[in-house]
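The next block holds one structure in the form of structure tokens; read it before the comments.
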Amino acid sequence: MDVRTFRKRFKFSLLAATAIALSGCASTPEPVIGPAVTQPRADLGQEIYSNARSPIYLLRPSDRISVNVFREPDFSIPDVRIGVEGNVSLPMLGSIPAAGMTAAQFEKDVEGRLLAMGLKSPMVNVNIGEYASHQVTVDGAVNDPGVYNFQPGARLSAAIALADGPARTAKGDEIAVFRESPEGTMVAKFDYGQISQGTMLDPVLQPGDRVFVGTDGLAVFWQDFLQTVPVLGVFALNAARIDE
């Protein structure tokens, strides 16, 4: 093949690829103007998923906090992690419970303990330095799968963005979110395109959620998964429809 023929073929291939890319961009669904959908769909197993952000935050194991006692540096600590048992070790106080309280409740608790020790009018300030308990696993057809920390109140779309977005092979209508519940592992199905349009619930993430973005081989994934883990939810109840 001579140089001129090669250049012509390369130019044609480049134009074809550009046309395909532009046609893909043109087919991207437009957002639906107006209020976004906030109700879960029971037929997709979304009952336990919510649009509402919690107005308060309760401290959890693995979170990192700072505890500052006004004008008492010996009682303060700039960085401490809440242990897996929910306790935190503070100067002079030892190991005390922290998980399950708001930052304000924990401040009052520490003030009460210091007051009981004889410290006059203690003033305590607690700040959350890292929401390390809030992790989501994003796997499947995304550009950068992994385990990511997220801020309380983040949504499913944010988890996919943390993983650098869907891969080119992704099936946007085959997104599964796994969540632990008292009844077992629950699975719900979501459609990324509908979420982007505002026509499907974009659920608030919970610590420990697992997000799987499907490909054309999603059915194989489900077959393997359902054989090893007891799963409740729309996929377990409708396993015969997985390939639809």
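The values are calculated or read from the model by the stated rules, or taken from the named source; none is laboratory data. Just so we're clear, the structure is a prediction, and the values are computed from it rather than from any experiment. Cβ atoms come from the backbone with ideal geometry, glycine included; neighbour counts cover every protein chain shown.
Could you say whether any residue in the range 58-70 is within 22 Å of Val204 (Cβ to Cβ), modelled with pLDDT of 95 or more and hydrophobic (A, V, I, L, M, F, W, C)?
The answer is yes, given that some residue of the range 58-70 is within 22 Å of Val204 (Cβ to Cβ), modelled with pLDDT of 95 or more and hydrophobic (A, V, I, L, M, F, W, C).
Could you tell me whether any residue of the range 147-160 is more than 10 Å from the chain's Cα centre (by Cα) and not charged (D, E, K, R)?
no
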